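The values are calculated or read from the model by the stated rules, or taken from the named source; none is laboratory data. Just so you know, these numbers come straight off a predicted model, no measurement behind them. So basically every Cβ, Gly included, is an ideal-geometry build from the backbone, and we count neighbours across all protein chains shown. In case anyone asks, the SASA skips ligands and DNA or RNA and just uses the protein heavy atoms, side chains included. Shrake-Rupley method; radii C 1.70, N 1.55, O 1.52, S 1.80 Å.
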2 protein chains.
Amino acid sequence: MGNVEDPQDARVRLWAPVAQAVALLLGPYAEVVLHDPDTDRVLGIWNPMTSRGVGDPSLLGELDDLEPSAQDVFGPYEKLLVDGRRLTSVSAVLRDPQGRPSAVLCINLDRTPLEQAAAVLSAFGAPTVQRPEPLFEQDWSERIQHIIGSYVRETGRPVERMTRQDRLAVLGRLEEARVFAVRRAAPVVAGALRVSRSTVYGLLAELRSPNAKDRP
Amino acid sequence: MGNVEDPQDARVRLWAPVAQAVALLLGPYAEVVLHDPDTDRVLGIWNPMTSRGVGDPSLLGELDDLEPSAQDVFGPYEKLLVDGRRLTSVSAVLRDPQGRPSAVLCINLDRTPLEQAAAVLSAFGAPTVQRPEPLFEQDWSERIQHIIGSYVRETGRPVERMTRQDRLAVLGRLEEARVFAVRRAAPVVAGALRVSRSTVYGLLAELRSPNAKDRP
DNA sequence: TCCAGACTGGACAGAAAGTCCAGAGGGGCT
DNA sequence: AGCCCCTCTGGACTTTCTGTCCAGTCTGGA
């Protein structure tokens, strides 16, 4: 299901069984990706969690730190999807008999369902109300990710093709969460929203002002 | 297993099946206790988690808030055992046909194993250490008050007669709590510590710098 | 093709954040 | 008391951010 691979490529034929086996073992919540380290493109993908397909460019950062290093296996490290899902990832550089890197295998495990299950368990018989929705993130930049992420999930609209209204709504939530009381937050938000700092301040001004716009 | 009951008592004969059924359903992690509200003693206990037995006095506080109230079912509320286990408890006042309280049934569910399981689940594949200590206050100025307040309480030294060391310690805690990442926090802290802004920055610098002071 | 609305990048003023220092207490010691 | 050392103070000053503005670019729709 959802497997996409290029059977023409010898590397794919070589590694596909491994990738598929792992994908089967870890159920629907693990994505296995085979990358071409030369072209930085996807060779094959099993259980894709995003809309990537064969030939698409590899996600920025997924391979970034890998090449210069001496070791071949990386992680596990944490990644955050725009929709808020938490992934645990490992990567391995796969070499041909001559020792040259021929592919990079990445396994991305979605930890969200496990965490939800954990929440169910610890809520069982718990008399105290769960935290009111709150921001148990120590790190405010995670909070930003989280808020933007849940908005994306709710609306199904990724950051890249948000409308002005979407941005206004997201900024409203961020404002509510007092995010802008934190130093340096505005530029970070601008970055996360793929928008310039000016735009953020513009939208923010529109939000905060008595909107004279509503009555023409 | 581990059931202790007094078959002589009519109330026990009446309620024992209920108690036993609940004890069986909730496995080894729920303790069911039948109390005598008049003598404040244990009439019967199933799956005892502590060393209480029939005839022992009921645990202090277990019945405290029950009597004066109008309702008959209480909880769930949280209890803490000396060994650190967290219990979720409910209680019910059981009445005879004349409406007089004849027994009190308490069910104590040990939530520890569930919470451990939850921890296992959310640790599965988790690369990062769990959050270093949440501090889920929305309002950062409250957080400042809270940190300073607890220091004062711990040391018994009010803000006015703090020593330099005290101030350093407090600032250390505030720093740890990332308080100074918030705009305008420094002056507020200075005010709360009854000290000038300069002093705050001075002490802060001393804290953050490689303390050359330690090696004379 | 042209227009209108939206975003950008850079410039800039103003506000905080930090740094620095001369001078004012204020204990403790002689 | 008188002195000294340590610490805090208030203010001046530099640096870093914040928030505003605007001319110019991009883009989708009529």
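Other chains near B:178-187: what is the mean number of their Cβ atoms within 10 Å of each residue's Cβ?
Other-chain Cβ atoms within 10 Å of each residue's Cβ, averaged: 3.
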*Among B:Ser209, B:Val152, B:Ser196 - extreme Cα towards positive end, dipole of the range B:140-214, charges at beta-carbon*: B:Ser196
*In nm, one decimal, shortest first: how far is the label point of B:Pro101 (7 Å from Cα along Cα to beta carbon) from the matching points in the other copies?*
7.2
*Inter-copy label distances at A:Arg11 (7 Å, Cα→Cβ; nm, one decimal)*: 7.7
_Accessible area buried between chains A and B, both sides summed, probe 1.4 Å, in Å² to nearest 100_ = 2500
*Can you give the three extents of the C-alpha atoms in the range A:144-211 along their principal axes, from longest to shortest, in whole Å?*
28, 26, 21
*Would you mind getting me the FRET efficiency between A:Asp96 and B:Glu175? Use the beta-carbon distance for r and R0 = 51 Å, nearest 0.05.*
0.50
_Label distances, nm, B:Glu175 versus same residue in remaining copies, Cβ-directed 7 Å point_ = 3.6
*Accessible area, 1.4 Å probe, largest first: how do B:Trp15, A:Trp46 sort?*
B:Trp15, A:Trp46
